[in-house]
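Asker: Let me begin by handing over the structure; questions about it come next.
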Amino acid sequence: MKVGIIGSGGREHAICYSLYGLIEIERLYCFPGNAGTSRIAENISLNLENFNELKDFIKANKIDLIVVGPEKPLVDGIVDFLEAHNIKVFGPNKLASQLEGSKIFTKNLCKKHNIPTAKFGIFDNIDKATLFISKTEYPIVVKADGLASGKGVYICENDKEAKTAIKEIFEGKFGKAENLLIEEFLKGEEMSYFIITDGKTIKKFETAQDHKRALEGDMGKNTGGMGAYSPSRLINKELDKKIMSKIIEPTIKGLREIGTNYKGFLYVGLMIVKNEPYLIEYNVRMGDPECQTILPKLKSNLLEIFLACCNEKLNEVSIKWKNKKSLCIVLCSKGYPDEFKTNVLINNINQIKLNKDEYCYHAGTTKNKEQVYSNGGRVLSFAFLSESFSDARIRIINSINTLNWENGFYRKDIGFKVIDE
Ligand code: AMP
Ligand code: GLY
């Protein structure tokens, strides 16, 4: 079977790696992939905004299944487009992808189905939003409606910050804004909960916790994610049940009621307050680096899971996990998430020796004459399994030290809430 993966990050390298070597796999393609995927798949560079170009390649090369990694093509309707050309695709369609593409869509769904989430208001102009905040208590959260690469959320401590947020959003900092969202601030601990569904059967795809801030102690700017660990320390049977019955099941059912089936991974961003789950956001894909953290624990055949999902037969597969802890540290280019150098040689990459249950996934890397260079902010993610988070972290840091890449930086404190220092 020939499988193509869309995306170029650590998440996509992890998906590619989990498929690589399966007996059913004849060939893997990555669109466009990175230096890591180039070792196990054929990297294809084409204009991903042009779905026709992609479709022609898929048809010409008789690719049997496409797996979509990032949210942008999903929200842009790549699944609808490829399926209309009889191509099998793993991922939600355009309407279902509104769960990530529009925060207001999700909030309205929550309201309709009584899904626990922060109280909210939707405002369609600066004056109404400003009047509202003049009467509110702080902190509050101001959010842009659409995709904003994790940047359209402002936690505001006072009037001045809230006014700036409102102004920036309506001035189009995150694209044309007809509305914005103002939310109650929820005080609790965050958890990411993943499921996979074919729209009928929902299966858990583990929990994780990522560290979004650039600096140790969860300080500094927001990033795509500097590291993660799985499982989350918060999960327990009772909470698990509540997340499924109060949040996920009504969401999938609610989508069916508006005439669509959710197919793919769903990333459920939660705030846990006294063992009660509140939905913060949905992402219509796996997280990055949560995917790199979770996939090494998977014992089952990932291709079978993808195919069962596409064929609406997810009830027929069982998803089994290794009973181990997983920790992932992302090695970034110095300066990230602001300016950083690209095209810096990673000269010792072949010195890294990985044992069983140790993975080094590439993200922002590119290959030139057998040498690996950086070409992004997040460059490599190291995900190791162990009996303890602490042991995994120590071994990862040893590997990063072996690499000794002078342009890199990373957080040494990933998992600090689950590791006694
Ligand atoms: P989002 O993109 O909606 O996940 O928001 C980004 C981050 O902002 C989340 O991971 C939370 O840390 C924080 N956040 C968003 N909404 C809220 C809220 N209502 N209360 C507290 N923190 C929030
Ligand atoms: N790690 C956060 C995300 O993938 O959105």
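The values are calculated or read from the model by the stated rules, or taken from the named source; none is laboratory data. All of these numbers come straight from a predicted model, not from anything done at the bench. So basically every Cβ, Gly included, is an ideal-geometry build from the backbone, and we count neighbours across all protein chains shown.
Asker: So how many residues does region 233-274 have that are within 16 Å of ligand 1 (Cβ to nearest atom), of a type in the set (Ser, Thr, Tyr) and either modelled with pLDDT under 95 or more than 18 Å from Arg11 (Cβ to Cβ) (or both)?
Answerer: Of the residues in region 233-274, 1 are within 16 Å of ligand 1 (Cβ to nearest atom), of a type in the set (Ser, Thr, Tyr) and either modelled with pLDDT under 95 or more than 18 Å from Arg11 (Cβ to Cβ) (or both).
Asker: From Glu12, Glu42, Glu26, which residue is in contact with a strand residue (DSSP E or B) (Cβ under 6 Å, 6 or more places away or on another chain), within 15 Å of Gly364 (Cβ to Cβ) and among the charged types (D, E, K, R)? Write out each step before concluding.
Answerer: On the way: Glu42 fails: within 15 Å of Gly364 (Cβ to Cβ); Glu26 fails: within 15 Å of Gly364 (Cβ to Cβ).
Selected residue: Glu12, the only one of Glu12, Glu42, Glu26 that is in contact with a strand residue (DSSP E or B) (Cβ under 6 Å, 6 or more places away or on another chain), within 15 Å of Gly364 (Cβ to Cβ) and among the charged types (D, E, K, R).
Asker: If you don't mind, there's one more thing I want to ask. Any idea which residue in region 141-173 is nearest to the chain's Cα centre (by Cα), counting only those that are over 20 Å from Gln98 (Cα atoms) and of a type in the set (Asp, Glu)?
Answerer: Taking the candidates together, the pick is Glu168.
Asker: So which helices (runs of 4 or more DSSP H) stay within region 222-339 end to end and still have 2 or more residues that are crowded, with 18+ Cβ neighbours inside 10 Å and hydrophobic (A, V, I, L, M, F, W, C)?
Answerer: Details: elements: 237-242, 249-257, 290-294, 302-310.
Of the helices (runs of 4 or more DSSP H) lying wholly inside region 222-339, those with at least 2 residues that are crowded, with 18+ Cβ neighbours inside 10 Å and hydrophobic (A, V, I, L, M, F, W, C) span 249-257, 290-294, 302-310.
Asker: Another question, if that's okay. Tell me the residue from Ile329, Ile280, Ile294 that is among the β-branched types (Val, Ile, Thr) and farther than 27 Å from Thr365 by Cα, please.
Answerer: Only one candidate passes the filter, namely Ile280.
Asker: Just for region 187-197: of the residues that are in contact with an Asp or Glu (Cβ under 9 Å, 6 or more places away or on another chain) and within 11 Å of ligand 1 (Cβ to nearest atom), which one is farthest from Gly91 (Cα to Cα)? Break it down into steps so the answer makes sense when it comes.
Answerer: Within region 187-197, the subset in contact with an Asp or Glu (Cβ under 9 Å, 6 or more places away or on another chain) is 188, 190, 192-194.
Narrowing further to those that are within 11 Å of ligand 1 (Cβ to nearest atom): 188, 190, 192.
Working: Gly188: 31, Glu190: 25, Ser192: 19 Å.
Within region 187-197, the match that is farthest from Gly91 (Cα to Cα) is Gly188.
Asker: Cβ-Cβ under 8 Å, sequence separation 6+ or interchain: first residue in region 247-271 and over 13 Å from Lys200 (Cα atoms) and in contact (Cβ under 8 Å) with a residue 60 or more places away in the chain, partner assigned to a helix (DSSP H, G or I) and within 14 Å of ligand 2 (Cβ to nearest atom). Which pairs?
Answerer: As it stands, the answer is Leu266/Leu99; Tyr267/Glu290, since those pairs meet every condition given.
Asker: I'd like the residue in region 101-144 that is polar (S, T, N, Q) and out of contact with any strand residue (DSSP E or B) (no Cβ under 7 Å at 6 or more places or on another chain) and, out of all such residues, is farthest from ligand 1 (Cβ to nearest atom).
Answerer: Going residue by residue through region 101-144, those that are polar (S, T, N, Q) are 102, 106, 108, 114, 117, 125, 130, 134, 136.
Right, trim to out of contact with any strand residue (DSSP E or B) (no Cβ under 7 Å at 6 or more places or on another chain) and you get 102, 108, 114, 125, 130, 134, 136.
Details: Ser102: 12, Asn108: 15, Asn114: 17, Asn125: 22, Thr130: 20, Ser134: 20, Thr136: 13 Å.
Filtering first and then ranking leaves Asn125.
Asker: Here is a list of conditions, (1) within 16 Å of ligand 2 (Cβ to nearest atom); (2) modelled with pLDDT of 95 or more; (3) exposed (fewer than 15 other Cβ atoms within 10 Å of the Cβ), and Gly217 meets all of them except one; can you say which number that is?
Answerer: Among (1) within 16 Å of ligand 2 (Cβ to nearest atom); (2) modelled with pLDDT of 95 or more; (3) exposed (fewer than 15 other Cβ atoms within 10 Å of the Cβ), the lone unmet condition for Gly217 is (1).
Matching residues to (1) surrounded by fewer than 24 Cβ atoms within 10 Å (Cβ to Cβ); (2) aromatic (Phe, Trp, Tyr); (3) at pLDDT below 95:
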{"residue": "Gly4", "(1), (2), (3)": "no, no, no"}
{"residue": "Tyr17", "(1), (2), (3)": "yes, yes, no"}
{"residue": "Asp76", "(1), (2), (3)": "yes, no, no"}
{"residue": "Asp80", "(1), (2), (3)": "yes, no, no"}
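Asker: Follow-up question, since we're still on this one. With respect to Ile319, determine if the residue is of a type in the set (A, V, I, L, M) and farther than 16 Å from Gly227 by Cα. So that I can check it myself, show each step before the final result.
Answerer: Details: of a type in the set (A, V, I, L, M): yes; farther than 16 Å from Gly227 by Cα: yes.
Yes: the conditions hold for Ile319.
Asker: Out of Asn43, Asn61, Asn93, Asn34, I need the residue that is without any contact (Cβ under 8 Å) to a residue 24 or more places away in the chain and among the polar types (S, T, N, Q). Which one?
Answerer: Working: Asn61 fails: without any contact (Cβ under 8 Å) to a residue 24 or more places away in the chain; Asn93 fails: without any contact (Cβ under 8 Å) to a residue 24 or more places away in the chain; Asn34 fails: without any contact (Cβ under 8 Å) to a residue 24 or more places away in the chain.
Going through Asn43, Asn61, Asn93, Asn34 in turn, just one is without any contact (Cβ under 8 Å) to a residue 24 or more places away in the chain and among the polar types (S, T, N, Q): Asn43.
Asker: Give the residue that is nearest to ligand 1 (Cβ to nearest atom), with candidates limited to residues of region 145-186 that are basic (Lys, Arg), in contact (Cβ under 8 Å) with a residue 24 or more places away in the chain and closer than 27 Å to Pro73 by Cβ.
Answerer: Initial filter on region 145-186 (basic (Lys, Arg)): 151, 160, 163, 167, 173, 176.
Still in the running and in contact (Cβ under 8 Å) with a residue 24 or more places away in the chain: 151, 163, 167, 173.
This time we only want the ones that are closer than 27 Å to Pro73 by Cβ, so: 151, 173.
Values: Lys151: 9, Lys173: 15 Å.
Top of the filtered list is Lys151.
Asker: Still on this structure: Please enumerate the residues belonging to region 203-221 that are among the charged types (D, E, K, R), assigned to a loop (DSSP other than H, G, I, E, B) and either closer than 30 Å to Ser318 by Cα or more than 14 Å from ligand 1 (Cβ to nearest atom) (or both).
Answerer: Initially, region 203-221 is screened for residues among the charged types (D, E, K, R), giving 203-204, 206, 210, 212-213, 216, 218, 221.
Filter again for assigned to a loop (DSSP other than H, G, I, E, B), leaving 212, 216, 218.
Listed by number, the list holds a single entry, Glu216.
Asker: Right, here's the next one. Find all pairs meeting these conditions: Cβ atoms under 7 angstrom apart; at least six residues apart or on different chains; first residue within region 280-308 and on the phi < 0 side of the Ramachandran plot and more than 16 Å from ligand 1 (Cβ to nearest atom); second residue in a helix (DSSP H, G or I) and of a type in the set (S, T, N, Q).
Answerer: What qualifies is Leu295/Ser18; Leu298/Ser18; Leu302/Ser18.
Asker: All but one of (1) touching a strand residue (DSSP E or B) at 6+ places or on another chain (Cβ under 8 Å); (2) under 25 Å from Met219 (Cα atoms); (3) among the hydroxyl-bearing types (Ser, Thr, Tyr) hold for Thr365; state the number of the condition that does not hold.
Answerer: (2)
Asker: What are the pairs with Cβ atoms under 7 angstrom where one residue, in region 398-421, is touching a residue at least 24 places away in the same chain (Cβ under 8 Å) and the other, located anywhere, is of a type in the set (Phe, Trp, Tyr) and not in a strand (DSSP E or B)? Sequence gap at least six, or different chains.
Answerer: Ile400/Tyr410; Gly415/Phe389; Val418/Phe389; Ile419/Phe389
Asker: Here is a further query. Take Gly21 and tell me if it is of a type in the set (Gly, Ala, Ser) and surrounded by fewer than 18 Cβ atoms within 10 Å (Cβ to Cβ). Walk me through it before giving the result.
Answerer: Values: of a type in the set (Gly, Ala, Ser): yes; surrounded by fewer than 18 Cβ atoms within 10 Å (Cβ to Cβ): yes.
Against the criterion (of a type in the set (Gly, Ala, Ser) and surrounded by fewer than 18 Cβ atoms within 10 Å (Cβ to Cβ)), Gly21 qualifies.
Asker: Looking at Lys112, Lys88, Lys107, Lys119, which is the one that is basic (Lys, Arg), within 21 Å of the chain's Cα centre (by Cα) and closer than 27 Å to Glu257 by Cα?
Answerer: Working: Lys112 fails: within 21 Å of the chain's Cα centre (by Cα); Lys88 fails: within 21 Å of the chain's Cα centre (by Cα); Lys119 fails: within 21 Å of the chain's Cα centre (by Cα).
Answer to the selection: Lys107.
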